[in-house]
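Read the structure below first, then the notes.
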Amino acid sequence: MERFTTLTAVAAPIDQPNVDTDQLIPARFMRKPRSVGYQRFLFHDQRFDGDGGERPDFPLNRPEWREARILVAERNFGCGSSREAAVYALVDAGIRCVVAPSFGDIFFNNAVENGLLLVALEEAATAELRRRLHDRPGQTLTVDLPAQTVTAEDGTTWSFEIDAARKRRLAEGLDAIGLTRELLPEIDAFEARRAAAEPWAALDGIDPAAGTGERP
């Protein structure tokens, strides 16, 4: 998982509240393998018309925001059904951070597993940020995870809170497998103690492919 420390990038506004996971990636695309590029399906039904043409009024289709890596959204972003593919679509599109007043609970948990930083700011702050982005499209924001700040180009800074464990995982690029690997010495030590105390329970010498076997 890619580490997140400090990011300075173009930010795009998403003004509608309650953006659910079906808007982020419609369910009909979830049967496709991620290898096809889930960025193609991000906000699909809002970005494209019935003939597949881009809707010019959608923010991520505008030249100023096409390369955005930060979204500044409205409340309850990522609500709805539990689908990690919604996070995949954002990450595959190059989005590394979403700033909003609030997020869907399951989406919030899925984000950290994929290196996507979610920043919760007060509604007044996110409204001000979106206003600035509309006033001068194409401007950047700087998101500093170690300092827990979001800074505009004019130096205006907003602070955010983040759980210490989530912050560490993002900063060090640790997904669930990475966290487990950190515990390998303790796991190995436990297995050694168990093998010594209960040798009859060890599976050494059994061929799992055979389906049967005698314990040593």
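Every number in this text was worked out from the coordinates using simple rules, so none of it is lab data. These numbers come from a predicted model, not from an experiment. All Cβ positions, glycine included, derive from the backbone under ideal geometry; neighbour counts span all protein chains shown.
Extension gain, Glu67 to Glu186, is 38.5 nm, computed as 0.36 nm per intervening residue step minus the present C-alpha separation.
What net charge do the residues around Gly104 carry, taking every other residue with its C-beta under 13 Å from that of Gly104, with Lys and Arg at +1 and Asp and Glu at -1? Local net charge: -3. With each label modelled as a point 7 angstrom along the Cα→C-beta vector, the Gln148-His44 pair spans 3.9 nm. Its relative contact order, with pairs defined as Cα atoms under 8 Å and 6+ residues apart, puts the stretch 6-174 at 26 percent.
Relative to the current alpha-carbon distance between Gln16 and Phe58, full extension at 0.36 nm per residue lengthens the span by 14.0 nm.
Arranged from fewest to most other beta-carbon atoms within 10 Å of their beta carbon, His44, His134 become His134, His44.
With Cα atoms as the point set, the chain shows a radius of gyration and Dmax of 22.1, 74 Å. The equivalent ellipsoid that matches the C-alpha gyration tensor of the stretch 1-80 spans semi-axes of 20, 17, 15 angstrom, in descending order. What shape does the stretch 82-178 take by its C-alpha gyration tensor, where a ≥ b ≥ c are the square roots of the eigenvalues and a/c under 1.5 counts as rounded, a/b above b/c as prolate, and the rest as oblate? Since a/c reaches 1.5 and a/b is larger than b/c, the shape of the stretch 82-178 is classed as prolate.
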